[in-house]
Structure formats: structure tokens, C-alpha cells
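S.K.: Handing you a structure now.
FYI, it's all coordinate maths here, none of it is from the lab. Model, not experiment: these values are computed from the prediction. Every residue, glycine among them, receives a Cβ derived from its backbone with ideal geometry; neighbour counts consider all protein chains shown.
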Amino acid sequence: MRRTSRTTAVGACAVALAAVLAAPAQAYESASAPAEQRAPHWELKDSGTDVRFRGLSAVGRDTAWLAGSKGTVLRTTDGGAHWQNISPPGAGDLEFRDVEAFDARRAVALAIGEGEASRVLRTDDGGATWTESFRNTDAKAFYDCLTFFDRRHGLAMSDPVDGKFRILSTSDGGRSWTVLPSAGMPAAEDGEAGFAASGQCLVASGPRDAWLATGGGAHARVLHSADRGLTWTAAETPVPAGDPARGVFALAFRDRTHGLAVGGDYRADQASPKAAALTPDGGRTWTSAGRPPPAYRSGVAWLPHSRTAALAVGPTGTDLTTDGGRSWRTLDTGSYDTVDCTADLACWASGEKGRVARLEH
């Protein structure tokens, strides 16, 4: 009975949040409006540092992990009021671009770069100690993102090696990793790669499905695996590519069929038309958003318990969709690289100059 009541309550809150987000902006113009009528907004939290946080894992409204440049990892357990610097010792030269947290104590972080700069580290004690569980020794590999299906099974991806994207697999929560065979991976296009921009170029939904986002080649593609990375199929998206700076930068799937892709051209002086797309069939086909975000976006996340609402973030702002990705409108013009939402209706975002925020409503 309690579980049913809680589920109903959370679902009702999600519907209310989506309704508030969808309301016209003019409904919130009065500064004297009651709190329940004010527009949801990002509330900045003081991280105490100026590094760039492209890695973010939100556990809940109180707990979130950040991973960024200069080997920096931070954690909060009080809603962002205080951040604990739990950076691995001797990691100052590493560039963390992804972190996946299972709870307040256990997390896996990915450092990116050529050769041995690409590493995976794990902590089981809230960052008091870290164990390096993978170090890349192939000079041709460059790891971009990691994802987990559950607390045990996960994948990490590298840019193409010998013409194919390389996939790492773990079945023990990131304590050990194995390079999967490449026979089930389709050939990469010339110049094709992933973007280590938000930790969302590789995502999972459910126990076995994973998707990989690409750019740089002739087409911006999304690759899908239904068997935890053993075999993959590729689909073209309408997001522009054809240049090393253009493509799909981030994915979000609310289930194994409904997904969103965002990206564009990360160069500030270049336009990013068709910067978002959606799929109703697990990534087999993709359609351009009728009204896409106005500029490049590097991160995307579904609002919890919603079938139609999601947030996209980038250096020039945050956009909202309430129709499953068909149209987007700008909510905020602050700079963020990545966004993550949790089952208890918390959404977090992080980015350059130590920026981190939680959505308040």
C-alpha cells in the first residue's frame, strides 16, 4: 500500500512539474507571485572551484557527483549546500568527462584522452579511496563515455580503432573491464567519432539496450545494441555532420523505444540548425524536431515520470520540450554542459567555471 501511494504521489508531482514548466513564460512575470506559481529555474550552487564539470551523476535531490578537468571529482549529500572534494590522489593531469554513481558511496569515473590518459576509476567509500580498474594501453584508442544498465553491468566506448568503435564491458560494477569483440560493430565512417562533451554519448535503458552517438563523419549517426554491446546497428539522424565539430553530442532514452538526440556545431560562431531529433522506435529512425533548440546543445535528460517532457542544455542556455522532443523553448540562458534527473524529481546541471545548479520549482 505504501509503495502504491508513493508511486501515485511521485507521478502526480511529475505531472504538476511538467505542467508548470509548460506554462507560458508570462504567467511568471510577477515577482510577487506565490512560490507555487513562479517559473522553475536553475538555482546555482557554489562548488568552490572553477574547473569545468562535463561529468555529472545525480543520485537524488540531496546527492550528486561531479567529474571534471584537473582530475576533479566533487560530491554533495546535502542538496549542493556543501561540496566535498574527493578527487583521486595524483589525478591532477586527468580530464574526467563522465561519472556514473550508484548511490552516495559508490561511483565509477572516466578520464578521457589518447592512450593511457583514458582510465576508469571506482570508489566504494564516497571517494575516500579510489581504485584504478582500467587504463588504456592502445595509442589508437580514445575513450569518451560510459554507462551502466544496473549496478553490475556497464559499457564504455572509444573512438574507432582500426575502423570500428571500441566497446569495453564490465559485469562487476566497474571493478574490471574487458574489450568486446569488434565483429558485431559496423564500420565507422571516415572521420566519425564520439564527443566527450557531457557523458551522454553512450547511454542505456533497461537491462540490455544501449545507444552510441556520433559525429564528425558524413552523417551524424546513432548506433544501437540490444545485447549489452555485443552487436550494433547504425541509423542516420538529421542532425548535421560532415565536420569534426558537428554531430550528435548527447542522447536520452526514457525507455527502450523513445529517445532524444541533441547536438549541432560546438563552435560558438557557427549556427546549429536541426540541433535535435527524436525516435519512436528505439533508434531505427530519427526525425528532426519541428522547432529545435536555437543553438548547439551538449546534454539532454527526460524529466522523471514524464512521457513528454525533457530538458536540453548547452553553453547558451537550457531548453524544454513538453511534446516528446517535437518542439523546444528556452527556459534559461546560463551555460551548462550536461544535465541529469532522478526519480525523486530532482534535476541537476553542470558546466564551465565550476557551475552546478539544481532545478527549483
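S.K.: Please give me the summed charge of the neighbours of Ala261: other residues whose Cβ is under 14 Å from its Cβ, Lys and Arg +1, Asp and Glu -1.
M.R.: Summing Lys/Arg as +1 and Asp/Glu as -1 gives +4.
S.K.: List every residue whose amide H lies under 5 Å from the amide H of Lys45, counting only residues 5 or more places away in sequence or on a different chain, with H placed 1.01 Å from N in the peptide plane.
M.R.: Placed amide hydrogens put Val356, Ala357, Arg358 under 5 Å from Lys45.
S.K.: Continuing with the same structure: Is it possible to state the helix-based mean residue ellipticity at 222 nm for the chain, with each DSSP H run of 4+ residues giving -39500 (n - 2.57), the sum divided by total residues, to the nearest 500 deg cm²/dmol? What is it?
M.R.: Rounded to the nearest 500, it is -2000 deg cm²/dmol.
S.K.: I need to check one value: relative contact order of the chain, counting alpha carbon pairs closer than 8 Å and at least 6 residues apart, in percent.
M.R.: About 15 percent, as a whole number.
S.K.: I want to check the label-to-label distance for Arg105 and Thr257. Put each point 7 Å from Cα in the C-beta direction and report it in nm to one decimal.
M.R.: Rounded to a tenth, the inter-label distance reads 4.0 nm.
S.K.: How do Ile86, Ile112 rank when sorted from fewest to most other Cβ atoms within 10 Å of their own Cβ?
M.R.: Listing Ile86, Ile112 from fewest to most nearby Cβ atoms yields Ile86, Ile112.
S.K.: While we're looking at this one, here's another question. Give, as a single signed number, the net charge of other residues whose beta carbon lies under 12 Å from the beta carbon of Thr170, with Lys and Arg counted +1 and Asp and Glu -1.
M.R.: That works out to +2.
S.K.: Oh, and also: Would you order Cys347, Cys145 from fewest to most other beta-carbon atoms within 10 Å of each residue's own beta-carbon?
M.R.: Fewest to most other Cβ atoms nearby, the residues stand as Cys347, Cys145.
S.K.: All other residues with a Cβ under 13 Å from the Cβ of Arg61 taken together, and with Lys, Arg as +1 and Asp, Glu as -1, what is their net charge?
M.R.: -4
S.K.: What distance in nm separates the two pseudo spin-label positions at Ala139 and Asp62, each 7 Å out from Cα along the beta-carbon direction?
M.R.: Modelled inter-label distance: 5.0 nm.
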